[in-house]
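FYI, it's all coordinate maths here, none of it is from the lab. Just so it is clear, the model here is predicted, and its values are computed rather than measured. Neighbour counts run over all protein chains shown; Cβ positions are idealised from the backbone, glycine included.
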Amino acid sequence: MGQHLLGPHVVGQRVVVRRLLRGETGPSGGPAMTDLLGICTAWEDRTCTIAPEEGDPVVIALADIVSGKPVPPRPSVRQRVGVREAEGHALALWPDVEQEALGEWVLRTVAQPVGRPLKRANSCLAMGEPDRPLAEAADAVLSFYRERGRTPLAQVEAGSPAESWLLAHGWTAYPSGETAFELASVARVRRARRAIGGTLPDGARATLEVDGPRALAEVRRGDELLASGRAGLDGDWVGLHSLHVEEAHRRRGLAGLVLDELLELAAERGATTAWVHVETDNEPARVLWRGLGFATHHVARYLQAD
């Protein structure tokens, strides 16, 4: 048996195994070998079984193992989605956003925002490739927002070439402008929520208002709003945002009840992936989402031009 890091302890883990092919000759004239990547499903006295991602399980004689080791789980399909594609699902959240494309970059603004202007809806999505050199794309961003009396903002992937270029040319970090893009399976989040459960306060009721691909969930007691949240569907993705619980009613599970309403609708509409933006310095919120199965896909930053 060769030297390796395998054994009964790797059952259930993803492993890579190099093994001999008995009776075959390799290119150098020695024994032929091949590698196999998959989940170890069994480890017996003389054999182990590896289930590859495609095809039937393979039974390997332990004596034929040349080398092997556990490897990290393969990222989920949703985690392998590109940053620009993932952030693109946010474009459908607000129907009243004026949009103008610069290649894969998108200029966004709300002409008459209600309340505090949202960064996502009032910034340039500067991810992917613009349709012109960076200097000309940046000039177009400046002109677009200044013509509308807005501070030019750009949403960039942390550590990206676009961020480096803008910072080198006078743009600065926007206060509280770093957010994590968190992803999860809708089914997994719903399972986590069922395990946690929750009941409405006496006299309260949950409502769901649906307007096309967007939804508003609220928990009210009479005319008093206790908690609320919004969702936006884009294909089989659902974005969760504006989750809020009135201060006097926090830590009573109301946020979860709002999520239940939104996720049930999302599942009914065929959504399989849920996403949310969370500011990286909001640790309580990040703990909440991690507990429901969300994992960071990437980090975005907002930059401003003075």
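When the helix-only estimate is applied to the chain (DSSP H runs of n ≥ 4, each -39,500 (n - 2.57), divided by the residue count), what is the mean residue ellipticity at 222 nm, nearest 500 deg cm²/dmol?
-6000 deg cm²/dmol
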**Asked** If we count other beta carbons within 10 Å of each Cβ, what is the order of T280, T273, T199, T41, fewest first?
**Response** T199, T41, T280, T273
**Complete:** Once amide hydrogens are built 1.01 Å from N within the peptide plane, the residues lying 5 or more places from M127 or on another chain with amide H under 5 Å from its amide H are V106
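Mind checking the dipole of the chain: about its Cα centre, +1 per Lys or Arg Cβ, -1 per Asp or Glu Cβ, Debye to the nearest 20? Numbers along the way, then the final one.
Working: 35 positive and 41 negative charges, 173 e Å.
It comes to approximately 840 debye.
Quick one: if you take sqrt(5λ) for each eigenvalue of the C-alpha gyration tensor of segment 8-70, what semi-axes come out, biggest first, whole angstrom? Intermediate values should be presented prior to the final figure.
Working: eigenvalues 88, 29, 20 Å².
In descending order the semi-axes read 21, 12, 10 Å.
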**Asked** Between L233, V245, L200, whose Cα lies farthest towards the positive end of the dipole of segment 182-302 when Lys and Arg beta carbons carry +1 and Asp and Glu beta carbons carry -1, centred on the Cα centre?
**Response** L200
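Can you put I50, I60, I196 in order, fewest other beta carbons within 10 Å first? If you can, show how the numbers build up before the last one.
Values: I50 23, I60 19, I196 12.
Neighbour counts put them in this order, fewest first: I196, I60, I50.
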**Fill in**
At the level of C-alpha centres, the distance separating segment 272-296 and segment 210-264, in angstrom, is 15 Å
**Item:** Kirkwood Rh and Cα Rg combined as Rg over Rh, evaluated for segment 182-302
**Value:** 0.95
